[in-house]
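The values are calculated or read from the model by the stated rules, or taken from the named source; none is laboratory data. Here the structure is a predicted model, which means the values were calculated and not measured. Using ideal geometry, Cβ is built from the backbone for each residue, glycine included, and neighbour counts are taken over all protein chains shown. Calculation scope for accessible area: heavy atoms of the full protein, side chains included, ligands and nucleic acids excluded. Shrake-Rupley method; radii C 1.70, N 1.55, O 1.52, S 1.80 Å.
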Amino acid sequence: MLKVGLTGGIGAGKSEVSRLLGAYGAVIIDSDRIAREVVEPGTPGLTAVVAEFGPGVLTPEGALDRPGLGAIVFADPARLAALNAIVHPLVRARSAELESAAGPDAVVVHDVPLLAENGLAPLYDLVVVVDASTGTRLDRLVRLRGMTADEAHARMAAQATREQRLAVADLVIDNDGPLEELEPRVRAVWEELCRRSGGQ
């Protein structure tokens, strides 16, 4: 098994790279998706979040109000750290379960947005970073995700710098250009991962 950490700043295109790698045959373990699962209604994770942040972070239906919670934590590093202290251990436990279910010859790609921030690079055989310039990322967040420029800057500022991410990279996928340029770059990385997996 080859354990790969995949990361990239918000707006860099990591989700598209993850989707392509999954299509080529990688086992994708998506930390963001798991992070949503562990705070669904009725979970111990949601109970812990409400205990920390109060019932104001719930929708009238009893689900987590993600935009409301996001507005709190992305403006306050201490509150973000409190949220991460609840969610990250739950995500790690679920990720380990999914990894153990993959076959011995699998290329397992852990899609981890905050890999650099949380010092997780040593957990993987290698780290792939999806990279795009600050200007490109800002444009995508405003144009494609409907954020204001201020919201986009705040989200980007809450993450590692581009330099910090590149410092932990074994392989870098440049995604500064249009989508049609991305696919051949991801395929080349997939071929490299398969080569390395065969040598495990």
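Touching a residue at least 24 places away in the same chain (Cβ under 8 Å) and surrounded by fewer than 19 Cβ atoms within 10 Å (Cβ to Cβ): does that describe ARG94? Quick ask: steps written out before the conclusion?
Working: touching a residue at least 24 places away in the same chain (Cβ under 8 Å): yes; surrounded by fewer than 19 Cβ atoms within 10 Å (Cβ to Cβ): yes.
Yes, satisfied.
Answer yes if at least one residue in region 119-127 is out of contact with any Leu (no Cβ under 8 Å at 6 or more places or on another chain), open to solvent by 60 Å² or more (accessible area, probe 1.4 Å) and free of Cβ contacts under 8 Å to residues at least 60 places away in the same chain, and no otherwise.
Yes, because at least one residue in region 119-127 is out of contact with any Leu (no Cβ under 8 Å at 6 or more places or on another chain), open to solvent by 60 Å² or more (accessible area, probe 1.4 Å) and free of Cβ contacts under 8 Å to residues at least 60 places away in the same chain.
Among the listed residues ALA102, ALA158, identify the single one that is among the aliphatic types (A, V, I, L, M), within 19 Å of ASP30 (Cβ to Cβ) and surrounded by 15 or more Cβ atoms within 10 Å (Cβ to Cβ). Write out each step before concluding.
Details: ALA158 fails: within 19 Å of ASP30 (Cβ to Cβ).
The conditions single out ALA102.
Tell me, which strands (runs of 3 or more DSSP E) wholly within region 103-200 include 3 or more residues that are more than 12 Å from ALA12 (Cβ to Cβ) and either at pLDDT below 95 or not aromatic (Phe, Trp, Tyr) (or both)? Break it down stepwise before answering.
Values: elements: 107-111, 126-131, 171-174.
Hits in region 103-200: 107-111.
I want to confirm something. Restricting to region 19-68 and keeping residues that are among the charged types (D, E, K, R) and touching a helix residue (DSSP H, G or I) at 6+ places or on another chain (Cβ under 6 Å), which single residue is surrounded by the most Cβ atoms within 10 Å (Cβ to Cβ)?
Here is the first cut: in region 19-68, the ones among the charged types (D, E, K, R) are 19, 30, 32-33, 36-37, 40, 52, 61, 65-66.
Now drop any that are not touching a helix residue (DSSP H, G or I) at 6+ places or on another chain (Cβ under 6 Å), which leaves 52, 65.
Details: GLU52: 13, ASP65: 16.
Applying the filter and picking the extreme gives ASP65.
Looking at region 69-87, is at least one residue in a loop (DSSP other than H, G, I, E, B), at pLDDT 95 or above and open to solvent by less than 50 Å² (accessible area, probe 1.4 Å)? Steps first, please.
The initial filter retains those residues of region 69-87 that are in a loop (DSSP other than H, G, I, E, B), namely 74-76.
Checking which are at pLDDT 95 or above leaves us with none.
No: zero hits.
Would you be able to say whether some residue in region 42-58 is of a type in the set (A, V, I, L, M, F, W, C) and within 24 Å of VAL142 (Cα to Cα)? So that I can check it myself, show each step before the final result.
Taking region 42-58 and keeping what is of a type in the set (A, V, I, L, M, F, W, C), we get 46, 48-51, 53, 57-58.
Subset that is within 24 Å of VAL142 (Cα to Cα): none.
The answer is no, given that none of the residues of region 42-58 is of a type in the set (A, V, I, L, M, F, W, C) and within 24 Å of VAL142 (Cα to Cα).
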